[in-house]
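Visitor: If you scroll down you'll find the structure; I have some questions about it.
The values are calculated or read from the model by the stated rules, or taken from the named source; none is laboratory data. These numbers were taken from a predicted model, which means no experiment stands behind them. Cβ atoms come from the backbone with ideal geometry, glycine included; neighbour counts cover every protein chain shown.
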Amino acid sequence: MEIRFTGLASGIDTESIVTELMKVERLKLTKLERNNQETEWRRQDYLDINAKILDYRNNKVFNFTLEGTLSSKQTQLYGDTGSITAKASTSAVNGRIQVEVKSLATAATNYSKDPIAVDGFVSDDSLQSQDALLNGAPTLSETYTFAINGTEIEVNTAEDSLDDIIERINKNTDVSAYYSDAEKKISFVANETGASTIDFTDLDGDFLTNILKVDSTNELAGTDAEVYINGLQTFQSSNKFDVNGVAVTIQEIGSPTTIEVSNDVDSIVESVNQFIEEYNEILNTLQEKIGEDKDYDYYPLSDEEKDELTEDEIEKWEEQAKSGLLKNDDYITKAIDAMRSISYTSVDTGSDIYNTLSSIGITTGNYQEKGKLYLDESKLREAIEVDSEAVVNMFAVNSSSDENTEGAGVGEIIYDALGDTLKEIADVAGSSSTSFDDSILGKEMKELDQDIYDWENRLIDIEERYYAQFTAMELAIDTYNSQLEYILSAFGGQQA
């Protein structure tokens, strides 16, 4: 730190004068710093809004661009309701299906013909260490290879236990094996039901036939389920099968069961209510942001100003200073206008009656509510009963062109419009995946940082100049005093 001795000749408080002069000079720097801080706040405001828009667009409204969101179906069973269960997918066709179960599908099985070991055998010890306990005390080879349904399994008798081999079978083949310690036998069951068998093949050695005692005569082949669908005999390889978008699960043999498929009106109404709630929430968020008033009495505080305030006072001050930075913002206003357009836009639903939101019971409140949506549930339920496809298309139908959304459903209209908003705001403020220096505000902040740096250096020069000027004045005064002292001494101390 430079030490200066000033005012020795003049008696003037040079330090105080320079300090006051520099306060005036620093006004430009203070303005730049405030502009920089406010720009950073505005950029953060944009990023916060973009994050909310992105969440709404990708995680909420996107669902309403999909037909399945509003295509919920329900089933009702009549007749023998215990023989099957049924669940309709969104693609299920409304109507009735009759199902009668004559037999269930079964899986192929097999098991050891004889016990593979005697008492004392431990399934988690190596086979070679227990060869005397194996049935017939066979002479074990060091290695074996066998295949189940074409999948090869290798065995090393010095290292592998029976548990290891069973685990290998269960992990690598389409068959599940189980060892019963009580029976000393292994059972096998195919993982899938249906008319098939389990193919056992010894490839290197006789591990299956001689050690595990597998015998093809013990095999019980799998069978298909015999099911009559609308009177037509069918054979299903699984006890779970699909009929016109309805997932049917066989429980037991029984008499005919009628499945009635219809629109799940309650679920559709609930989804539409969800759409309206989420729409109103994001719309209100955007409107509140552009409606914030800017209080020009509050501005970014300098470090010196912060030193005079408490943390709580600083927080409250900056909360006021940050408000209104996006008041009447063009990008957000454009997004709001696009969202609100759905209330009066005609959609190509395929219906001349149900082609606007109001026609299915979705309307806006008075003008003071700025586009808030309301639902008349009774009107929506009527529309679903009369033309459910039109209701689905109201939200999910896609436009015929990538260039515009004319005729598109409200889901696509909002999704596309907010996609434009996200890009526009990212161009202005950057995004989490791009450097903010590439954005308009990022470049502006970079320029302000450079201006601040330049001004800080300039202020150093200005301060040095002031001190140089005062130093010159002190030297002049000192010279004058010396001359005056000489003159006075020349006249014998007489005063001029």
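Visitor: Do we find a residue being under 29 Å from the mean Cα position of the chain (by Cα) and either closer than 27 Å to E288 by Cβ or buried (at least 21 other Cβ atoms within 10 Å of the Cβ) (or both) anywhere in segment 376-390?
Guide: no
Visitor: Quick check, is L162 of a type in the set (A, V, I, L, M, F, W, C) and over 25 Å from A108 (Cα atoms)?
Guide: no
Visitor: Also: Filter segment 282-313 for residues that are assigned to a helix (DSSP H, G or I) and touching a residue at least 60 places away in the same chain (Cβ under 8 Å) and give the result.
Guide: I282, L283, N284, T285, L286, Q287, K289
Visitor: When you check I276 against the structure, is it more than 16 Å from D48 (Cα to Cα), modelled with pLDDT of 95 or more, assigned by TED's automatic domain parsing to the domain that holds T81 and of a type outside the set (G, A, S), yes or no?
Guide: No, not satisfied.
Visitor: Can you pull out the residues in segment 395-416 that are modelled with pLDDT of 90 or more and either surrounded by fewer than 19 Cβ atoms within 10 Å (Cβ to Cβ) or over 26 Å from the mean Cα position of the chain (by Cα) (or both)?
Guide: D416
Visitor: Regarding F188, is this residue surrounded by 17 or more Cβ atoms within 10 Å (Cβ to Cβ), in contact (Cβ under 8 Å) with a residue 12 or more places away in the chain and within 30 Å of Q251 (Cα to Cα)? Quick ask: steps written out before the conclusion?
Guide: Working: surrounded by 17 or more Cβ atoms within 10 Å (Cβ to Cβ): yes; in contact (Cβ under 8 Å) with a residue 12 or more places away in the chain: yes; within 30 Å of Q251 (Cα to Cα): yes.
When the stated conditions are applied, F188 passes them.
Visitor: As an exercise: evaluate D114 against (1) in contact (Cβ under 8 Å) with a residue 60 or more places away in the chain; (2) within 20 Å of E183 (Cα to Cα); (3) buried (at least 17 other Cβ atoms within 10 Å of the Cβ) and give the number of the one condition it does not meet.
Guide: D114 satisfies every listed condition except (3).
Visitor: Another question about this same structure. Do we find a residue being outside any loop (DSSP other than H, G, I, E, B), in contact with an Asp or Glu (Cβ under 7 Å, 6 or more places away or on another chain) and surrounded by fewer than 19 Cβ atoms within 10 Å (Cβ to Cβ) anywhere in segment 121-129?
Guide: yes
Visitor: So D131 passes all but one of these: (1) modelled with pLDDT under 95; (2) closer than 30 Å to S238 by Cα. Which condition number does it fail?
Guide: Here D131 meets the rest and fails (2).
Visitor: Same structure again: From the list D163, D174, exactly one residue is within 17 Å of S126 (Cα to Cα), in contact with an Asp or Glu (Cβ under 8 Å, 6 or more places away or on another chain) and either not assigned by TED's automatic domain parsing to the domain that holds K240 or not polar (S, T, N, Q) (or both). Which is it? Break it down into steps so the answer makes sense when it comes.
Guide: Details: D174 fails: within 17 Å of S126 (Cα to Cα).
After applying the criteria, what remains is D163.
Visitor: Taking the criterion of being modelled with pLDDT under 95, farther than 25 Å from G324 by Cβ, among the charged types (D, E, K, R) and more than 31 Å from the chain's Cα centre (by Cα), would at least one residue in segment 25-47 satisfy it?
Guide: Taking every residue of segment 25-47 in turn, at least one turns out to be modelled with pLDDT under 95, farther than 25 Å from G324 by Cβ, among the charged types (D, E, K, R) and more than 31 Å from the chain's Cα centre (by Cα).
Visitor: Can you name every one of the helices (runs of 4 or more DSSP H) wholly within segment 323-429 that holds 2 or more residues which are in contact with a strand residue (DSSP E or B) (Cβ under 9 Å, 6 or more places away or on another chain)?
Guide: The qualifying helices (runs of 4 or more DSSP H) are 377-396, 410-429.
Visitor: Next question, about the same structure. Within segment 150-204, how many residues turn out to be assigned to a helix (DSSP H, G or I), out of contact with any strand residue (DSSP E or B) (no Cβ under 8 Å at 6 or more places or on another chain) and either acidic (D, E) or on the phi > 0 side of the Ramachandran plot (or both)?
Guide: 2
Visitor: So in segment 60-96, with the set limited to residues that are surrounded by fewer than 16 Cβ atoms within 10 Å (Cβ to Cβ) and of a type in the set (S, T, Y), which one is farthest from G231 (Cα to Cα)?
Guide: So, considering only residues that are surrounded by fewer than 16 Cβ atoms within 10 Å (Cβ to Cβ) and of a type in the set (S, T, Y), the one farthest from G231 (Cα to Cα) is T90.
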